[in-house]
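First comes the structure, then the notes that go with it.
The values are calculated or read from the model by the stated rules, or taken from the named source; none is laboratory data. From a predicted model like this one, the values you see are computed outputs, not experimental measurements. Please note: Cβ atoms are built from the backbone with ideal geometry, for glycine as well, and neighbour counts cover all protein chains shown.
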Amino acid sequence: MNMIKIKFARFYNKSLQLHFKEGRPAAWLFLLSLLIYIMASHKIAKNGPADEIELSVAQALFDLENNVNDLKKELKPLQISSAKEVETGNGKKAIVIFVPVPQLKAFHKIQQRLTRELEKKFSDRHVVFVAQRRIMAKPTRTSRAKQMRPRSRTLTSVHEKLLEDLVYPTEITGKRTRVQADQKRIIKVFLDAKDSTSLEYKLDTFCAVYRRLTGKEVVFEFPAHHAE
C-alpha cells in the first residue's frame with residue numbers, strides 16, 4: 001500500500017506542476033489525477049503491483065486512447081502485461097513492453113503507429129513490443145507432469161518468437177549461428193532488405209533487448225550488408 005501511495009504521489013506531483021501553470025485548483029486537480037491514475041492502471045494486466053515504468057507506459061497508452069482518434073477504438077480493449085527498461089549502451093535505454101499473447105495480433109495492427117506515438121512521449125528511449133510468453137521446463141523421468149509440453153513453451157520456440165516480435169513487421173529472411181574460437185555462440189539474423197531504411201537505427205536496441213531477455217548474443221543484418 002505504501003508503494004502505491006508513493007507511485008501516485010509521483011504521478012500527482014508531475015500533474016500538479018503541469019496544471020498549476022494553467023491555473024487549475026489543487027483540489028480539482030487531485031480528484032482528476034486520482035481518476036486518471038486509476039483508469040490508466042487498468043491498462044495493466046498484472047497480478048502484482050505495477051512499477052513506475054509500467055505506470056508511465058499505461059498512462060501514455062491511456063492518453064493516446066483518449067486523444068488520438070484513429071487509435072481510440074483499437075487501444076480501448078488492449079492491456080500490457082508488464083514493461084521494463086533495458087540498457088542499450090552509451091547511456092541509452094529502451095522500454096520493452098510485454099503484451100498478452102492473445103492480444104499480440106491486435107497490437108500488431110496498430111504497432112507501427114503506436115510505437116511512433118510512444119517514442120514521441122518517451123523521446124529519449126526506443127520502444128519495442130514483445131509477447132509475454134512462458135517457458136516450461138523440459139520434463140524429466142522423475143517429474144510428475146502428465147501433460148505434454150507444447151512446443152510453443154520450449155525455450156527454443158520462445159526465443160525464436162522473441163526475435164520475430166522484436167523486428168515486427170519486418171520479416172526474418174534467414175538465421176545462422178556462428179561459434180567463435182572461444183566457443184561463444186552468436187546468432188546472425190538476416191532481415192528483409194526493403195525495411196533497412198526504417199529499421200536500421202534500431203538494430204542495436206534489438207540486440208541489447210534480446211541479450212537482456214535471453215542471455216544470448218545476436219546480430220541483425222540486412223542482406224545487402226553482408227556477403228554470402
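The figures follow:
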item: Segment 47-63, subset assigned to a helix (DSSP H, G or I) and of a type in the set (Asp, Glu), residue farthest from the chain's Cα centre (by Cα); result: Asp63
item: Candidate set from segment 42-55 (those that are within 15 Å of Val99 (Cα to Cα) and of a type in the set (Gly, Ala, Ser)); member that is surrounded by the most Cβ atoms within 10 Å (Cβ to Cβ); result: Ala50
item: Thr205 being surrounded by 14 or more Cβ atoms within 10 Å (Cβ to Cβ), assigned to a helix (DSSP H, G or I) and polar (S, T, N, Q); result: yes
item: Odd one out for Val179 among (1) without any contact (Cβ under 8 Å) to a residue 12 or more places away in the chain; (2) surrounded by 11 or more Cβ atoms within 10 Å (Cβ to Cβ); (3) of a type in the set (A, V, I, L, M); result: (2)
item: Restricting segment 173-192 to residues that are in a loop (DSSP other than H, G, I, E, B) and more than 23 Å from the chain's Cα centre (by Cα), the residue that is farthest from Val209 (Cα to Cα); result: Ala181
item: Yes/no for Val219 being touching a Cys at 6+ places or on another chain (Cβ under 9 Å), modelled with pLDDT of 85 or more and assigned to a strand (DSSP E or B); result: yes
item: Residue count, segment 102-142 (criterion: hydrophobic (A, V, I, L, M, F, W, C) and either in contact with a Ser or Thr (Cβ under 9 Å, 6 or more places away or on another chain) or over 14 Å from Leu78 (Cβ atoms) (or both)); result: 9
item: Thr170 vs. criteria hydroxyl-bearing (Ser, Thr, Tyr) and under 16 Å from Arg212 (Cβ atoms); result: no
item: Elements of type helices (runs of 4 or more DSSP H) in segment 64-172, at least 2 residues being surrounded by fewer than 17 Cβ atoms within 10 Å (Cβ to Cβ) and either of a type in the set (A, V, I, L, M, F, W, C) or in contact with a Phe, Trp or Tyr (Cβ under 9 Å, 6 or more places away or on another chain) (or both); result: 104-121
